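Nothing in this text is a laboratory measurement; each read-out follows from the coordinates by a stated rule. Remember, it's a predicted structure, so these values are computed and weren't measured experimentally. Cβ sites come from the backbone with ideal geometry, for glycine too, and all protein chains shown count toward neighbours.
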Amino acid sequence: MKQGSILTLKIDNIGSDGDGIAMHGHTAVYVNNALPDETIKAIVTDTAKTYAHATLKDIVEKSKYRVSPRCPHVRQCGGCQIQEMDYNQQLIFKRAKVVSNIEKIGFFQNANILNTIGCYPFFGFRNKAIYPVAQNSNGEIVAGFYARRSHLIVPSQKCHIEFDESSKITKEIIAHIKRYNIQPYNESEGNGIVRYIMIRKAFATNEIMVSIVVNGNTILHHKELVDNLVSTTKNIKSVSLIVNCDNTNRIRGNEVIALYGNSYITDEIDGIKFRISPLSFYQVNAIQTAILYGKALEFAQLTGNETVFDLYCGVGTISLFLARKARKVYGVEVIPQAIDDARINAEINNINNIEFIVGKAEETIPLLVENNGVKADIVVVDPPRKGCDKALLSTIIKMLPQRIVYVSCDSTSLARDLRYLCDNGFSLKIVQPVDMFPHSVHVECVAMLEAVR
Ligand code: SAH
């Protein structure tokens, strides 16, 4: 099989990253945006010993689950890998992915994995936009999305999964950059100023926060930029620079310079107010977050007498939900600014039975449990993609809470951690997939384990 050759293939499977898979002799060929049961033509882009990648060219026979995408960039952009699949089928695909990981990586058989809870509407749900800024090959400054498996930017006029104002604000910033010849950051040389544009909207209050990630600590004529932004878009409550001078893939740095308004916006979920600042993590799906947290709370089965740990707590979102139903909650999070926000969040909601601690969960919890003698009845964890640190899991195992609620954005690390917990005194009761990221291959899960006594 040669690079550049055109193959006619019958797709008979779908991979975890959403590519259709066809066998060509003994070679598995992965084709973007091709669906199971389709016959397609594709151009081979790269080959290895047992597999190859190919780009979809024509659909000869289409799947009954194929839908017309809303976005013209769907085949180039790395964001919505399965936007051409009917939404119900996306939910089925996501559950199947979770089942496969729980069985193959976690070695569970017949685990109780529920159907994926869908997100309605499944467009316009995202409360955060992040656009990389760069100079493309013909010298034009663009903001958009990374193309699949690359750092080339696909310029975007409008992203349909985001809120309406994001593209207008981005255009305004790009116009300012062009007007004053401000250089975008150049990844390979590590020079230039503007790296990313990040815009967040609090759906409950409509407040908008604009942040520009810069390699430096200023941007030319920023007063004029702020005036333009604020006068053309309603509800911009915060404009800031985020300093990131490191030559890495990390988007955000550690320092925020306020240019206008507050350094935060306020959102509300299920009657609880949340203050969000540029550096803190906040769930990106404005519609599903209440459902996700509601499931975490339901699975925790609180009666009002419990001590609860909320580990990897961000700005204290789940912690505050839990605190309304528990005796005492401890929230642990590594980013100091997020804990500042978490403490303010507790205060503005008059929630007093909560204590927030800055630190790595795997370092803080052993100290809290072993030195201070604190014991949790219920532990909630919501780690980043790589899952929980083993030192943390070992402490939880020793402490033996009644129940663990595990919120996960990656079912491979979830499966691994569930196996470790179930080999050491816990039993897996339920896994609820929740679709926080429609049209992408990602799926969030809430799992619940109980101590075996
Ligand atoms: N539960 C929160 C945040 C979940 S995201 C919410 O739903 O909004 C995961 C969080 O874990 C991030 O805020 C990240 O900063 C934090 N984090 C990453 N590694 C950590 C560690 N080792 N210890 C504690 N927190 C960590």
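Near the amide H of M436, within less than 5 Å, lie the amide hydrogens of E444, all on another chain or at least 5 residues away, with H placed in the peptide plane.
Annotation: peptides 166-172, 44-50, ranked by per-residue average of other Cβ atoms within 10 Å with the highest first, follow the order 166-172, 44-50. Relative contact order of the chain, taken over Cα pairs closer than 8 Å and 6 or more residues apart, is 13 percent. Per-peptide packing, taken as the mean over residues of other Cβ atoms within 10 Å, places 282-292, 58-68, 354-364 in the sequence 282-292, 354-364, 58-68 from highest down. Packing order of peptides 189-202, 151-164, highest average first: 189-202, 151-164 (average count of other Cβ atoms within 10 Å over each peptide's residues).
Sort out for me the Cα centre separation of segment 70-135 from segment 289-335, rounded to whole Å. The distance from the Cα centre of segment 70-135 to that of segment 289-335 comes to 25 Å. Each of G304, S156, S427 was scored by the projection of its Cα onto the charge dipole of the chain, and the greatest displacement toward the positive side belongs to S156; charges sit on the C-beta of Lys, Arg, Asp and Glu. Under a 5 Å amide H cut-off, with hydrogens placed 1.01 Å from N, E38 pairs with I11 among residues at least 5 apart or on other chains.
Extension gain for A175-K273 works out to 31.8 nm (0.36 nm per residue, less the C-alpha to C-alpha distance). For K2, a cut-off of 12 angstrom between C-alpha atoms picks up these aspartates and glutamates, skipping any fewer than 8 places away in its own chain: D46.
3J(HN,Hα) along segment 247-259, derived from phi through the Karplus expression 6.51 cos²θ - 1.76 cosθ + 1.60 where θ = phi - 60°, amounts to 8, 9, 7, 4, 6, 9, x, 10, 10, 10, 10, 6, 10 Hz, with x in place of Gly and Pro.
Of all aspartates and glutamates in the structure, those lying under 19 Å Cα to Cα from K360, and not within fewer than 8 positions of it along the same chain, are D310, E333, D340, D341, E370, D382, D389, D417. Roughly what % of DSSP beta bridges within the chain run antiparallel, to the nearest 5? Bridges in the chain that DSSP calls antiparallel: roughly 65 percent.
Here the chain was treated as a single set of alpha-carbon atoms; its pair distances binned every 20 Å from 0 give 23, 53, 24, 0 percent. Just grab the label-to-label distance for T303 and L152, each label 7 Å out from Cα along the Cβ direction, in nm (one decimal). Label at T303, label at L152, 6.2 nm between them. Here D37 and N191 are evaluated by their C-beta separation; at R0 = 60 Å the FRET efficiency comes out at 0.75. Remark on K429: its backbone amide H falls under 5 Å from those of M448, L449, E450, a criterion applied only to residues 5 or more positions apart or on other chains, H modelled at 1.01 Å from N. How big is the dipole moment of the chain about its Cα centre under a simple scheme where the beta carbon of each Lys and Arg is +1, that of each Asp and Glu is -1, and everything else is neutral? Debye, nearest 20, please. Taking the Cα centre of the chain as origin, the dipole is about 560 debye. Take every Cα pair under 8 Å whose residues are at least 6 apart in sequence, average their separation, divide by the length of segment 6-66, and the relative contact order is 31 percent.
Remark: for residue pairs K328/K398; K49/K97; K94/K128; K201/K390, the C-alpha separation exceeds 27 Å in K201/K390. Of all beta bridges that DSSP places with both ends in segment 228-346, some 70 percent have antiparallel geometry.
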